[in-house]
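Structure first, then comments.
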Amino acid sequence: MAGASLVGVCTHGHMKGLGAYTSLIENISKVLDANGWSSLDEVRGLTLKRIAERAANGKTAVVEPQVPLVNHGDCILCKKCEQVCVYDAIVIEDKVQISADRCYGCGLCVSICPTDAMSQSYY
């Protein structure tokens, strides 16, 4: 949506298996259909347009890394976030602990959480 013609999805396959790519393609097709888009070409660049719209309404994007927030009540301590963090910023003992010094705010942990216990906002 930001304008890239190629995205990296290797982590998705590592975490979910090769069938994840079939699911990914099916879900992309559903999103395109639901929004009336016929191809990804119609989606490319929408993020930049939305950033401009938000800026016009007084909302600006945060450009510093945002350490994810954890709702410990929803967390099942599955350790998926800890496993995927390439910066070793997450340690799970009795609860999820994220090092603000090590976290780059990439959001991979947020996207992999099966219970949506993690969140992150850049606006």
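The values are calculated or read from the model by the stated rules, or taken from the named source; none is laboratory data. Remember, predicted model here, so these are calculated numbers, not experimental data. Methodologically, a virtual Cβ is constructed for each residue, glycine included, from the backbone with ideal geometry; neighbour enumeration extends over all protein chains shown.
What the table shows:
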quantity	calculated
Selection count where residues are on the phi > 0 side of the Ramachandran plot and in contact (Cβ under 8 Å) with a residue 24 or more places away in the chain, scope region 10-47	1
Residue within region 69-88 that is modelled with pLDDT under 95, out of contact with any His (no Cβ under 8 Å at 6 or more places or on another chain) and over 21 Å from Val9 (Cα atoms) present	no
Top-ranked residue in region 38-49 [being surrounded by 13 or more Cβ atoms within 10 Å (Cβ to Cβ), in a loop (DSSP other than H, G, I, E, B) and of a type outside the set (Lys, Arg); ranked as modelled with the lowest pLDDT]	Gly45
Restricting region 6-37 to residues that are closer than 16 Å to Ile112 by Cα and among the hydroxyl-bearing types (Ser, Thr, Tyr), the residue that is modelled with the lowest pLDDT	Thr11
Residue check for Asp41: outside the structural domain of Cys106 (by TED's automatic domain parsing) and of a type in the set (Asp, Glu)	yes
Members of region 78-114 found to be part of a loop (DSSP other than H, G, I, E, B), surrounded by 13 or more Cβ atoms within 10 Å (Cβ to Cβ) and among the hydrophobic types (A, V, I, L, M, F, W, C), listed by number	Cys78, Cys85, Ala89, Cys103, Cys106, Cys113
